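One structure is given below, encoded as structure tokens.
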Amino acid sequence: MIEFKPFDRSKPCGLILCLFAVAVAGSLIYGASLASAFPAWSRGGAAAWLALSAGLAWCLFGLVLLRIARKPWRVCLLACRVAMAFGEAVLVTGAGLNALGLTHAAGAVVHGGNLPIGAAANWLIVIVANVTMAVTLVLQMRVLNVPAGRILAAWCGVLNGGGAVLFWTLRGLTGGML
């Protein structure tokens, strides 16, 4: 199991900036890859849609995390960035699967329903990334005695709920229908 240690104040802010770059790049790469699974979408639009929606949701979540964790902002910021980096690893793997065409088949649907394979596969990728990030954040904050229940409640309500609202609101950026 991964063990997280309390934030070391001697670490430079460069680490936080590097992890921020990983989060933005990963979101842009995965977002652009969605155009492979959904041909009506533009790569640039889908990349912007995902990066903006997720980024804004994380900003909202970060503010709530500061309030519920009652820890210094640098501690919360680093914990969020580390969690994002773990999630981006999952999303970039998903981007590779999308680029290789492994997440979709022309006209195929899941189990006779009306959900295209590309949509189902990408929902699964996002769910795995989401769970990975949530567990990573909870493990980091547990070291600092922040209750997991508080984090997960904020995660579901603010990050996932706010993210869903933002994804819907900004859906026009994809260039296609959601």
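The values are calculated or read from the model by the stated rules, or taken from the named source; none is laboratory data. Source: prediction; values computed, not measured. All Cβ positions, glycine included, derive from the backbone under ideal geometry; neighbour counts span all protein chains shown.
Miscellaneous remarks
- Taken as a whole, the condition of being at pLDDT below 90, crowded, with 20+ Cβ neighbours inside 10 Å, out of contact with any Phe, Trp or Tyr (no Cβ under 6 Å at 6 or more places or on another chain) and within 24 Å of Gly172 (Cβ to Cβ) does not apply to Trp58.
- Taken over the range 24-43, the residue count meeting the criterion of being modelled with pLDDT of 85 or more and under 19 Å from Asn130 (Cβ atoms) is 10.
- Residue list for the range 83-97, filter: modelled with pLDDT under 90 and under 14 Å from the mean Cα position of the chain (by Cα): none
- If you go through the range 123-157 and pick out every residue that is within 13 Å of the chain's Cα centre (by Cα) and touching a residue at least 24 places away in the same chain (Cβ under 8 Å), you end up with 11.
- If the condition is being hydrophobic (A, V, I, L, M, F, W, C) and not in a helix (DSSP H, G or I), then the range 137-172 contributes Val143, Leu144, Val146, Leu170.
- Only residues that are surrounded by 15 or more Cβ atoms within 10 Å (Cβ to Cβ) and hydroxyl-bearing (Ser, Thr, Tyr) were counted across the range 128-173, and they come to 2.
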